[in-house]
Amino acid sequence: GDRPFRFVSFNIPNLLVIEDAYEFTRPNPWRWPDEFELEDALESVRQMGGQVVRTYVISVHREGSDMGEYVHVRGPGEFNEEGFRAIDKLIELARRKGIRVMIPLVDQHKWWGGIAEYAAFRGKPAGACWSGRQIIDDFKATVRHLIERKNVYTGALYRDEPAIFGWETGNELESTPEWTREIAAY
């Protein structure tokens, strides 16, 4: 509306991918969060008076990673529907609880896959992601997939979804001002 929206809230990385499902009897299995975990996290935030949550980044396939199939971006313009349905569920639950979600688009670092992986898809070094036209266009394809996605649970396009507070260009990025301006405008 016409009033400032001020909030203090929480950063919850495991809302997009569970990276620390410690079972102590076997290796750490990556997996998508289930509905209970999403609802529990959001309800905890709501009960503490939080109004916004920040997720971690959209995950990207990385050679040698132990994430397996638990990545959102498999390659240029190739997306994991199961991962995006998990985001759909997060957004549906957030909407019901009156919580808004901020989603960073990419990571500077390789943990969940990031800028180096976008460059690697094209056989380029990580720094090429800031100025290589093909790599920038690949990243824009991910952005386009997100903003044009229709949530399977709410029926709303992400670009029109009131539960999405905003998009963060990325986590701890060391991007060029030109790249940031272009992606933000896009």
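Throughout, read-outs are computed from the coordinates displayed, never taken from laboratory work. All values derive from a computational prediction rather than experimental measurement. Note that each Cβ is placed from the backbone with ideal geometry, even for glycine, and that neighbours are counted across all protein chains shown.
Quick notes on this structure:
- Reach of residue 110 by Cα under 20 Å, taken over lysines that are not fewer than 8 positions away in the same chain: 124, 140
- Remark: the stretch 1-129 projects, on average over all directions, an area of 9.9 nm² (convex hull of Cα atoms).
- Partners of residue 97 within straight-line reach, counting lysines whose Cα lies under 26 Å from its Cα and excluding those fewer than 8 residues away in the same chain: 89, 150.
- Cα→Cβ-extended label distance, 7 Å offset, between residue 46 and residue 78, nm: 3.9
- Peptides 114-123, 134-143 ranked from most to least packed give 114-123, 134-143, packing being the mean of other C-beta atoms within 10 angstrom over each peptide's residues.
- Coarse-grained scattering of the stretch 44-92 at q = 0.13, 0.16, 0.18, 0.28 Å⁻¹, given as base-10 log I(q)/I(0) from a Debye sum over alpha-carbon atoms: -0.41, -0.57, -0.67, -1.09
- Segment residue 63-residue 111, extension gain: residue separation times 0.36 nm, minus the distance between their alpha carbons: 16.1 nm
- Length gained when the stretch residue 133-residue 182 is fully extended (0.36 nm per residue, less Cα-Cα span): 16.5 nm
- Among 149, 46, 133: highest mean-square fluctuation, GNM of the chain, C-alpha pairs under 10 Å: 133
- Hz values of 3J(HN,Hα) by residue in the stretch 68-73 - Karplus curve (6.51, -1.76, 1.60), Gly and Pro given as x: x, 7, 8, 10, 7, 10
- Distance from the alpha carbon centroid of the stretch 32-101 to that of the stretch 121-186 works out to 16 angstrom.
- Label positions at residue 157 and residue 85, each projected 7 Å from the Cα along the C-beta direction, are separated by 2.4 nm.
- Over the chain, relative contact order from alpha-carbon pairs under 8 Å, at least 6 apart, %: 21
- Among 48, 67, 102, the residue with the largest mean-square fluctuation in a Gaussian network model of the chain, with springs joining Cα atoms closer than 10 Å, is 48.
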